[in-house]
Amino acid sequence: MRVLPSSRRARKWTIISLVALVVLVASLFGLQALSSARTFQFFGGLTDRVDTSQKVVALTFDDGPDPAGAQQLLDALAKAQVPATFYLIGRDMAEYPDLARDLVKAGHELGNHTYSHERMVFVTPGFVAGEVERTDELIRRAGYQGEITFRPPNGKKLLALPYYLDEHNRKTIMWDVEPNSYPDVDASAERIVDFTVQRVRPGSIILLHGMYAAREQSRLAVTPIIDRLKADGYRFVTVSELLTYQGK
């Protein structure tokens, strides 16, 4: 069976077209990998963990606030006397402003997780600005006065988002411990705890999703994670505090 055309000229252009297709597909897969990278972005810096010998760790939560999980998380953190950093979605804060204020009153740090939780890849500069700035405004309305760090939804970022953040001297915060991405782990609070504790090291940033109704197992894991890490000598700090330990 003939695969390539019989004429030399046609074979040449067929081969060129196939090579171009392969390069395009490889490039797209490469961009996908880059957009999800936890330790790299094209503009500015990002932090997935802090390089320190001190046994400090930041506990962070993405999404919400939502009444399904906010109070349970607040109660667990208050009982353990642990500060956390909540990366909140603007549209959820607009719907539940009192919950955002409750997080601030309890002494927790608020971060920006965009307004709509859209994946911030192949987006325009204007879209990025709107997503970040609308959410910043709601965080300030909630009463939070500290520096607002940023975490991209699903960890996705490519060009427009990192460029905007770099131009505005904003810190991009990722994570190095995240159990919820693994379905077999995510299904059980006990597995979430074991996965997290086994992977934490000095300077780690833990990411949990505990706000929504379906995240009960994550909420149940919070207290055991704290208890086991404290027993191992770890101290919990906010993301902003953790950044001050870089190189120490």
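Within region 230-242, residues that are surrounded by 15 or more Cβ atoms within 10 Å (Cβ to Cβ) reach no partner that is part of a helix (DSSP H, G or I) with beta carbons closer than 6 Å at six or more positions or on different chains.
Out of the residues in region 175-208 meeting the condition of being touching a residue at least 24 places away in the same chain (Cβ under 8 Å) and of a type in the set (S, T, N, Q), tell me which one is surrounded by the fewest Cβ atoms within 10 Å (Cβ to Cβ). Restricting to residues being touching a residue at least 24 places away in the same chain (Cβ under 8 Å) and of a type in the set (S, T, N, Q), the top hit is Ser188. Scan region 109-131 for residues that are touching a strand residue (DSSP E or B) at 6+ places or on another chain (Cβ under 6 Å) and modelled with pLDDT of 95 or more and jot them down. Matches in region 109-131: Glu109, Leu110, Gly111, Asn112, His113. Per this entry, Arg215 is not counted among residues that are surrounded by fewer than 17 Cβ atoms within 10 Å (Cβ to Cβ) and charged (D, E, K, R).
For region 156-178, taking the residues that are assigned to a helix (DSSP H, G or I) and among the hydrophobic types (A, V, I, L, M, F, W, C), the one that is modelled with the lowest pLDDT is identified as Ala160. Residues being within 24 Å of Lys248 (Cβ to Cβ), among the hydroxyl-bearing types (Ser, Thr, Tyr) and at pLDDT 95 or above are represented in region 182-204 by at least one member. Condition first: under 18 Å from the mean Cα position of the chain (by Cα), surrounded by fewer than 19 Cβ atoms within 10 Å (Cβ to Cβ), assigned to a helix (DSSP H, G or I) and on the phi > 0 side of the Ramachandran plot. Can you find one or more residues in region 146-155 that meet it? Within region 146-155 (the criterion being under 18 Å from the mean Cα position of the chain (by Cα), surrounded by fewer than 19 Cβ atoms within 10 Å (Cβ to Cβ), assigned to a helix (DSSP H, G or I) and on the phi > 0 side of the Ramachandran plot), the answer is yes, since at least one residue qualifies.
Test Thr172 against the criterion of being closer than 21 Å to Gly69 by Cβ, touching a residue at least 40 places away in the same chain (Cβ under 8 Å) and β-branched (Val, Ile, Thr), and give yes or no. The answer is no for Thr172.
The values are calculated or read from the model by the stated rules, or taken from the named source; none is laboratory data. What you are looking at is a predicted structure, and each value in this text was computed from that prediction instead of being measured. Heads up, the Cβs are rebuilt from the backbone with ideal geometry, glycines too, and the neighbour counts pull from every protein chain shown.
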